[in-house]
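Taken together, the values in this text are just the output of simple stated rules run on the coordinates, not laboratory data. Just so it is clear, the structure is predicted and the values come from calculations on it, not from any experiment. Neighbour counts run over all protein chains shown; Cβ positions are idealised from the backbone, glycine included.
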2 protein chains.
Amino acid sequence: MGKNSQVRLDWSLVRRLIFGSPLSTEQMAHQRLPKILALPIFASDALSSTAYATQAILLNLLIAGPHALHLTLPISVAIVVLLWIVVISYTQTVHAYSQGGGTYIVSRENLGINWGLLAAGAILTDYVLTVAVSITSGVQQITSFFTNLAPYQTELAIAAIWFLTLANLRGAKESGALFAIPTYFFVLTMLGTVAVGVLGPLFGYHPRPYQPSAQQTAQQVAHAISLGLILRAFASGCAAMTGIEAVADGVQAFRPPESKNAAHTLVAMGAILSTIFLGISYIAQKYHIVYYGHGAHGEEAGAESVISMVARVVFHDEPILRGVILFATAIILVLAANTAYADFPRLSSILARHGYMPRQLANLGDRLVFSNGIILLAVFVSVLVVAFGGNVDRLIPLYAVGVFTAFTLSQAGMVKHWLQQRGKGWQWKVMVNGIGAIATGIVLLVIIVEKGPQGAWVVLVVIPILMWMFTQVNRHYQKVRARLTLKDYEPQPLPPHTVLVLVPDVHRGVVPALEYAREISKDHRAVHIEINPADTQRLKDRWEQWGGDMPLVIIESPYRSLIGPLVEYVKQVRADHPRHLVTVVLPEFVVTKWWERALHNNSAFLIKLALANIRGVVITNVRYYLD
Amino acid sequence: MGKNSQVRLDWSLVRRLIFGSPLSTEQMAHQRLPKILALPIFASDALSSTAYATQAILLNLLIAGPHALHLTLPISVAIVVLLWIVVISYTQTVHAYSQGGGTYIVSRENLGINWGLLAAGAILTDYVLTVAVSITSGVQQITSFFTNLAPYQTELAIAAIWFLTLANLRGAKESGALFAIPTYFFVLTMLGTVAVGVLGPLFGYHPRPYQPSAQQTAQQVAHAISLGLILRAFASGCAAMTGIEAVADGVQAFRPPESKNAAHTLVAMGAILSTIFLGISYIAQKYHIVYYGHGAHGEEAGAESVISMVARVVFHDEPILRGVILFATAIILVLAANTAYADFPRLSSILARHGYMPRQLANLGDRLVFSNGIILLAVFVSVLVVAFGGNVDRLIPLYAVGVFTAFTLSQAGMVKHWLQQRGKGWQWKVMVNGIGAIATGIVLLVIIVEKGPQGAWVVLVVIPILMWMFTQVNRHYQKVRARLTLKDYEPQPLPPHTVLVLVPDVHRGVVPALEYAREISKDHRAVHIEINPADTQRLKDRWEQWGGDMPLVIIESPYRSLIGPLVEYVKQVRADHPRHLVTVVLPEFVVTKWWERALHNNSAFLIKLALANIRGVVITNVRYYLD
């Protein structure tokens, strides 16, 4: 984005206060992280999924009635099995792409550009949903504690989104410390909760089963449990797996040996994620937690999150512990959203450099961040959150489509990679990634079929549109490149050159423009548009004195329009000498105070706009200052 | 106003539908009118005052209680005496200024420019109030008949204002027929009503005295009648005199002998106006009409106009006759407003030509009307009407200040005129205009003192502000003229000329700009702002092939800003060679589809803005078309 220095000067103080001082390109450095600091950065997104994954399973099972809730744990176990297939599959990606194996790169390199664009569309959608789901889920944790804030969930979410946006425009670094403290605090809090809830009874401490309200009990209905129901609950729970691809994207951030350290971190993350997720699902099922969702008790009532209910059950409604757990969860959800604020602009900038998105997205802003991408993300997320009323339950069904498209393409790309490389043990590697690709592909189909009607169709429409836009943008840039290439270019001698000076009147402001026209070409003439015929004679007299040898063309304007006759005349000059270049010199005088501009016709801008439609015309402004 | 031909082409159909086809300057012709057609054009404003003058007296007297209403007729008689003083006084103006003796002209010529500007400010304010009062009064007549429209008086007034504005932008001519039919119809209707009401009892037909509602009777209070009360009622009733200066402004519209015909018309108008006004006041007083004003029965209830009550009284509540009277009144009020739509832009254009208002106000639009002045008037009136809730009772107190300032200045100017001329019978003429000036001057003081607190202070604040603005505008134009004059101007030889070409990259779109720079000066260089240092080497290689002998200057941009370093460099070039003229050539390529613009940085516009702050810099655009 080109920056207007004038605007920057006027606004510099304001801008610096909000965004901080500009950073020079040299200040960009690549941090290398030890595993203990890399884990929080790359794991916050995945670990935060535990805040809504079990909840999504419970909500879907409840459609059949409370008796279906005993399927929570079996479905969670199935998801964890799938999770490990994906984790193991990605450890191979980490080794193969030590420069960073983002899905777009892997798909593009191995499967071709179209699959790469499909992956890109899917992942960009996924990033938008990561922010939307994480923020609305974070707000739900807060409103589960401060229940009187529940009617303001959309407003709170929008405020959080724009707070994150501002922080990222300032250049919030993914610094280890920023992520490490809240992430480890969350991990400890959740592992502690799960440990007390699961192991407590072995030591004589019994969680208190969940007590639904009378109102809730009254609503209970019972339907038969169908395969579709189970698959829908499974598909919704797959939201637990979002974010586990993050490590593969950022291998370069690890200390050497990068790939090995990244793989270890990936496995550690998988282990923590599995434990917390299974623990929550176990407690939810064993102590009869029921989740009715937003709107079940009126739009304004909000819905207590499953994390909040788990805290109640395990700690016997003790408010301080519940508060600590909810705030720890809310903070890690904000961090998860923040990772998308780094990833979306980064992928956009890669796509822009490859010519698939507008190139402004590849420009580093003042603070060394891709400001345009950050703003674009914030706008998309805001629209989505408002459209879905800040309701995390309605956003979750959209979430998994993009993620599982990316998983499938990434693993399939790896299969192709191994088939081409045929290095040591390639058969084993093909099998691992093959199982990953097939398993996630099947789950993707399940998600599309089962979640499509619940809202996932939006994503199924958006991704192809994005792909179409990528190709249109690319076609344009290719066309531009083809037209601008200097290959086989024969420099043409500059055509003969006619200069026209627009002369509204003869005065000191016009004379320099006349001199300029004489200077730049021998073929020059002055043009006067006759708005008020009464003034013409005076103009002619003055011209005799000041115009020298320059011919003066007077053009009638019966309708008192300045621009129409001028455009006509320039077109005619072009038609008379099609090979001539025409320079139109516009004398312009510059006033000193802002309000003085209102006292002049300011037609130069409109003239420029009008002449911009005629080819072979160069527009030149010669200004004259009044003071 | 400069017109953008591009915009006009795109919108031409829409514009023609709304405003009509443009008219050529030749189509402007001056109509000469017989007295029978001139009277309605010049009298509609004055005659329509009868719609609200008696009403204003009644409303002010009621403050003391219904017993004060017997002062209505005496006060009306006093106003009519004043009216004739002014009419006779103006007949002398008509003879002295056969070219048109508008107050601004008369005051300016005889009393000097500052008094002229005071007159101009007063009259412009008066025109705005003429529209506001006439339209709101017209709406009151309509809502007196359709009482359920009363809550929408502001909306109706705004709709009427913008209808009039559109009609005038189309160039509604003050054609005799348009004005004649409704004006004479109104005159006949009102004279008929007055005749039946006043003379009917002589022939045995008795009007039915007004019956106030029980609610109204209950509100009646009684206070002592004070001199202040009488003066306030008198000052309010002076609204009857608004518009009688119109004939003097338009002497040129009469057939020869212009002055004599104009004077006859003025006297005829005074006679009709006096008759109708006194007749209404007589009927109102005799048959106990009480006017409580807007808001007396709740803001939404509206207030029945005095004209409506007079019609009830005279015609025994016969609805059709009352409807005819009210509509005739509403239409003449709209015509009165319309005269201000001709007068305000005309006076503005005169002031603009004299250099006291922005010169755009002197431009004739497509339809040979002063479009900018019409729009300015409509905006002022709309603001006023909304601010005063479309309530004519609240607008009336503002009205008389401007009118009486103009009367006083105009008559005083005439006194000065006769004193300077000393023609035949000048002593008599000085006396007539002197009495006019003193009488209207005293009334002006009464109005300021008595109506000031009721809202007239707004006008007392606005008029000096307008005068201050006139002088500021004039000072600016004088400064411009002084700076632009060619008197004593020594043409300077054009200073040496340095050309800089901005080169973001070397491609086909840039080469013509390089050629152009070589063509217009021998002192040329290319400038590249190094946003991304990684690309610089490639640029240098290409430059060796395509740059020829032109030096390439590479400027570092540590903060990745394009504009800041460019501006710095241009300033430095200017500082190194203070006498050099610097031309900055901006190569720009033009895309073919609108959405393609979003795919490019479009920095040329911002660059131009930034460079516009550096003196001695000429900006030249060389465009390259992609198709």
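Note that the range A:423-439 has calculated 3J(HN,Hα) couplings of x, 4, x, 5, 4, 4, 5, 4, 5, 4, 5, x, 4, x, 5, 5, 4 Hz, one per residue in order, obtained from phi through the Karplus relation 6.51 cos²θ - 1.76 cosθ + 1.60 (θ = phi - 60°); glycine and proline are x.
Close amide H partners of residue A:527, meaning residues 5 or more places away or on another chain with modelled amide H under 5 Å apart, are A:501, A:502, A:503, A:553. Evaluated with a Cβ-only charge set (Lys, Arg +1; Asp, Glu -1), the range B:497-625 carries a dipole of roughly 360 debye about its Cα centre, given to the nearest 20. Rounded to the nearest angstrom and listed largest first, the equivalent-ellipsoid semi-axes of chain A from its Cα gyration tensor are 64, 29, 22.
Considering only the other residues whose Cβ falls under 12 Å of the Cβ of residue B:444, what net charge follows from Lys and Arg at +1 and Asp and Glu at -1? The partial results should precede the final answer.
Numbers: positive: B:451; negative: B:450.
Summing Lys and Arg as +1 and Asp and Glu as -1 gives 0.
Applied to the range B:589-601, the Karplus parametrisation 6.51 cos²θ - 1.76 cosθ + 1.60 on θ = phi - 60° returns per-residue 3J(HN,Hα) values of 9, 10, 8, 9, 10, 4, 6, 5, 4, 5, 8, 10, 6 Hz, with x for Gly and Pro. Amide H contacts under 5 Å for residue B:65: B:223, restricted to partners 5 or more places along the chain or on a different chain, H placed in the peptide plane at 1.01 Å from N.
If you place +1 on the Cβ of every Lys and Arg, -1 on the Cβ of every Asp and Glu, and leave all else neutral, what size is the dipole of chain A about its Cα centre, to the nearest 20 Debye?
Numbers: 47 positive and 36 negative charges, 264 e Å.
Roughly 1260 debye, rounded to the nearest 20.
If you take every DSSP beta bridge whose two residues both sit in chain B, what share of them, in percent to the nearest 5, is antiparallel? DSSP beta bridges in chain B are roughly 5 percent antiparallel. Consider all pairwise Cα distances in the range A:497-625 and report the whole-number % of them above 20 Å. Beyond 20 Å sits 44 percent of the P(r) for the range A:497-625.
Label-point spacing for residue A:211 across the identical copies (point 7 Å from Cα in the Cβ direction), in nm and ascending order: 7.3. Our analysis of the range A:424-567 gives Rg over Rh at 1.48, with the two radii drawn from alpha carbon positions and Rh computed by the Kirkwood formula. Working note: Karplus 6.51/-1.76/1.60 with θ = phi - 60° gives the range B:380-394 the couplings 4, 5, 4, 4, 4, 5, 5, 4, 9, x, x, 9, 5, 4, 7 Hz, where Gly and Pro are set to x.
Exposure proxy check: B:258, A:490 ranked by fewest other beta carbons within 10 Å? Spell out each step's value before the answer.
On the way: B:258 19, A:490 4.
Listed from fewest to most nearby Cβ atoms, that is A:490, B:258.
I'd like the distance between the alpha-carbon centres of the range B:549-622 and the range A:389-409, rounded to an integer number of Å. Using only Cα atoms to place each centre, the spacing works out to 46 Å.
Compute the length gained on full extension between residue A:267 and residue A:554: take 0.36 nm times their separation in residues and subtract their Cα-Cα distance, giving the result in nm to one decimal.
Working: separation 287, 0.36 × 287 = 103.32 nm, distance 8.26 nm.
Taking residue A:267 through residue A:554 to full extension adds about 95.1 nm, to one decimal.
For residue A:540, the distances from its label point to the matching points in the remaining copies are 6.2 nm, ordered from shortest, with each point set 7 Å beyond Cα toward Cβ.
Each other copy places its own label point for residue A:482 at 6.3 nm from this one, sorted shortest first, where the point lies 7 Å along the Cα-to-beta carbon line.
May I ask you to list the trypsin sites (Lys or Arg not before Pro) in the range B:354-463 that are in a DSSP loop and have at most 12 other Cβ atoms within 10 Å of their Cβ? Hits after loop and neighbour filter: B:422, B:424.
With the simple spin-label model, which puts each label point 7 Å out from Cα in the Cβ direction, the residue A:482 to residue A:595 separation comes to 5.7 nm. Against the main long axis of the alpha-carbon atoms of chain B, helix B:5-19 sits at an angle near 20°.
FRET efficiency for the residue A:155 to residue B:379 pair, using the beta carbon distance and R₀ = 41 Å, is estimated at 0.65. With K and R counted +1 and D and E -1, the other residues having a Cβ less than 9 Å from that of residue A:232 yield a net charge of 0.
List the trypsin sites (Lys or Arg not before Pro) within the range A:488-522 that DSSP assigns to loop and that have no more than 16 neighbouring Cβ atoms inside 10 Å. Write out the running numbers ahead of the final one.
Working: sites: A:508, A:518, A:522; in loops: A:508, A:522.
Sparse-neighbourhood loop trypsin sites (Lys or Arg not before Pro): A:522.
Put in order of Cβ neighbour count within 10 Å, fewest first, the listed residues A:290, A:403 become A:290, A:403.
In a shell of Cβ-Cβ distance under 10 Å around residue B:528, excluding residue B:528 itself, what net charge do Lys and Arg (+1) and Asp and Glu (-1) give? Don't skip to the answer; put the middle values down first.
Numbers: positive: B:540; negative: B:505, B:530, B:535.
That sum, taken over residues with Cβ under 10 Å, equals -2.
Calculate how steeply helix A:72-96 sits against the longest principal axis of the alpha-carbon atoms of chain A, using the helix alpha-carbon long axis, and give the answer as 0 to 90 degrees to the nearest 10. So the inclination is approximately 50 degrees. Computed per residue of the protein assembly as shown from DSSP H runs no shorter than four, each worth -39500 (n - 2.57), the mean residue ellipticity at 222 nm is -20500 deg cm²/dmol. Spin-label model, residue A:489 to residue B:435: label points 7 Å out along the Cα-to-beta-carbon direction sit 8.9 nm apart. Among the residues of B:603-613, the average count of other protein chain beta-carbon atoms within 10 Å of the residue beta-carbon is 4. Mean projection of the Cα convex hull over all viewing directions, computed for the range B:571-627: 4.3 nm². Computed from Cα atoms, the angle from the helix B:258-286 axis to the main principal axis of chain B rounds to 60 degrees. In this structure, the residue pairs whose Cα-Cα separation is over 19 Å, taken from A:487/B:540; A:479/B:540; A:522/B:522; B:35/B:424, are A:479/B:540; B:35/B:424.
Calculated over the protein assembly as shown, the projected area of the Cα convex hull averaged across directions stands at 64.0 nm². Rounded to the nearest 20, the size of the Cβ-charge dipole of the protein assembly as shown about its Cα centre is 1680 debye, with Lys and Arg at +1 and Asp and Glu at -1.
Using the number of other C-beta atoms within 10 angstrom as an exposure proxy, rank B:447, A:158, B:563 with the fewest first.
Working: B:447 26, A:158 19, B:563 22.
Ranking B:447, A:158, B:563 by Cβ neighbours within 10 Å, fewest first, gives A:158, B:563, B:447.
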